[in-house]
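Report on the structure given below.
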Ligand SMILES: Cc1cc2nc3c(=O)[nH]c(=O)nc-3n(C[C@H](O)[C@H](O)[C@H](O)COP(=O)(O)OP(=O)(O)OC[C@H]3O[C@@H](n4cnc5c(N)ncnc54)[C@H](O)[C@@H]3O)c2cc1C
């Protein structure tokens with residue numbers, strides 16, 4: 001996780017080849033989980049994390065059971081005040097260390113001179129000179145939209161062949177009263193698990209029988225909703241690239257809410273909604289320049305993992321680096337923070353596999 005891979009030998013080292021065998025890299029997650037759990041519901045609990053890495057438990061290497069180790073043995077954390085508090089904390093640290101942060105300043109071009117990145121041009125024309133450029137934008141976007149074709153390490157054709165992690169049908173809801181049947185994290189699994197995954201990965205469509213993740217942060221954090229009310233985030237994983245009309249969105253929202261009423265013991269939920277915002281595939285594309293409107297980016301299939309994932313340094317442009325979910329180690333907030341360490345190590349030529357905190 002904390003090492004930049006340059007060759008296959010950087011990954012398949014002695015430790016991975018010996019201790020790594022215990023992770024059953026060559027079995028599928030579903031087969032591995034089935035060895036320990038016969039109950040279908042428990043299998044679903046152990047396999048649900050896979051949705052967010054962009055492949056199904058029937059295809060994913062058993063290696064990714066590591067995620068369940070993190071969930072169940074190490075625990076899930078929530079920043080009090082909501083996720084934005086994490087962003088606030090990071091920007092405080094950056095500013096304390098002399099960084100100048102400029103938000104709402106979209107970059108429209110990475111400026112390359114004599115094969116070297118020398119700055120960026122913002123929308124509106126302002127040019128910012130730089131000794132080096134590190135792009136955190138979606139990697140497809142950085143490569144194909146911010147660079148000219150000869151400067152692209154991975155061209156459009158490469159991206160068209162990639163597997164993308166799912167997008168999401170999200171509802172942000174403000175509810176007029178407390179909902180005692182909910183806890184902070186709630187999962188509802190569809191009965192036909194395999195079909196649900198097929199609706200996301202094989203035959204992309206709005207799932208007939210969706211699985212839902214419902215987050216009710218106001219259950220544990222009173223600062224995120226007015227007193228006596230509830231703040232809900234409802235997420236249905238759906239295929240990236242899906243085109244959904246406004247009428248379809250409204251109809252699907254109603255269907256998901258009806259499902260929550262009956263299956264999550266929330267009678268009359270629809271009448272209690274004071275605020276509703278739907279956020280889905282096209283929004284991820286418009287707001288975040290996300291390829292195919294994926295919520296998460298490049299999927300973690302075996303062939304898009306570790307040495308097979310795009311590297312964090314351009315092959316074509318000197319002094320151009322990448323950070324974030326599209327490069328190593330991959331998807332997830334903590335994982336993306338590790339990718340920042342990897343970018344730092346790359347820039348400074350640090351080859352150690354230890355986390356920066358221990359160097
Ligand atoms: C709904 C949802 C729930 C999630 N829940 C979790 C969770 O519970 N735990 C977890 O670990 N992970 C979670 N994730 C995944 C995690 O959020 C992502 O993997 C991670 O945030 C990706 O980080 P990033 O830095 O690669 O990209 P981003 O966080 O998307 O940052 C990229 C930034 O680049 C900006 N940008 C794009 N184009 C330009 C441009 N031209 N100029 C300037 N800036 C630009 C974007 O506006 C954006 O701010 C979730 C993701 C989603 C969508």
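FYI, it's all coordinate maths here, none of it is from the lab. No experiment lies behind these values; they were computed from the predicted model shown. Methodologically, a virtual Cβ is constructed for each residue, glycine included, from the backbone with ideal geometry; neighbour enumeration extends over all protein chains shown.
Remind me, relative contact order of the chain in percent, using alpha carbon pairs under 8 angstrom and six or more residues apart?
Rounded, it is 21 percent for the chain.
Which of these, 68, 294, 135, has the largest mean-square fluctuation under a Gaussian network model of the chain (Cα springs below 10 Å)?
Ranking 68, 294, 135 by mean-square fluctuation puts 68 first.
With a point put 7 Å past each Cα toward its Cβ, work out how far residue 104 is from residue 86 in nm, to one decimal.
It is 2.5 nm.
Could you give the nm distance between label points at residue 71 and residue 122, where each point is 7 Å from its Cα heading toward the beta carbon?
Here the answer is 4.1 nm between the modelled labels.
May I ask for the Kirkwood hydrodynamic radius of region 167-288, worked out over all distinct Cα pairs and given in angstroms to one decimal?
Hydrodynamic radius (Kirkwood, Cα pairs) of region 167-288 is 14.9 Å.
With an 8 Å Cα cut-off and a minimum separation of 6 or more residues, compute the relative contact order for region 252-359 in percent.
14
Between helix 333-348 and the chain, what is the angle of the helix's C-alpha long axis to the longest principal axis, kept within 0 to 90° and rounded to the nearest 10?
Taking Cα atoms only, the helix is inclined about 0 degrees.
Extension gain residue 335-residue 350, at 0.36 nm per residue separation less the Cα-Cα distance, in nm?
Value of the extension gain: 3.5 nm.
Could you state the orientation-averaged shadow area of the convex hull built on the Cα atoms of region 28-67, in nm² to one decimal?
Seen from a random direction, the Cα hull of region 28-67 projects 2.3 nm² on average.
Could you rank the peptides 104-113, 323-332, 91-100 by their average count of other C-beta atoms within 10 Å per residue, with the highest value first?
In decreasing order of mean packing, 104-113, 323-332, 91-100 become 323-332, 104-113, 91-100.
Could you work out the percent of alpha carbon pairs in region 178-246 separated by over 19 Å, rounded to a whole number?
46
Taking the Cα centroid of region 2-38 and of region 127-171, what is the distance between the two, rounded to the nearest whole Å?
If we compute the Cα centre of each part, the gap is 28 Å.
If I stretch the segment between residue 130 and residue 9 completely, what's the gain in nm (0.36 nm per residue apart, minus their alpha carbon distance), one decimal?
Taking 0.36 nm per residue and subtracting the Cα distance, the gain is 40.2 nm.
Two-decimal Rg/Rh of region 8-74 from alpha-carbon positions, Kirkwood Rh?
Ratio of gyration radius to Kirkwood radius: 1.01.
When the Cα atoms of region 95-198 are enclosed in a convex hull and the volume is divided per residue, what value in Å³ results?
Looking at region 95-198, the number lands at 217 Å³ per residue.
Regarding the chain, what whole-number volume in Å³ per residue does the convex hull of its Cα atoms give?
Looking at the chain, the number lands at 164 Å³ per residue.
For a Förster distance of 22 Å, can you work out the FRET efficiency between the beta-carbons of residue 113 and residue 145, rounded to the nearest 0.05?
0.70
Over its Cα atoms, what ratio of radius of gyration to 2.2 N^0.38 Å does region 280-359 give?
1.18
Would you mind checking the tilt of helix 84-96 against the longest principal axis of the Cα atoms of the chain, expressed as 0 to 90 degrees and rounded to 10?
20
Which distance in nm do the two modelled labels at residue 95 and residue 18 give, with both placed 7 Å along the Cα-to-Cβ direction?
Distance between label points: 5.0 nm.
Taking R0 as 41 Å, what's the FRET efficiency between residue 274 and residue 27 from their Cβ-Cβ distance, rounded to 0.05?
With a Förster radius of 41 Å, E is 0.30.
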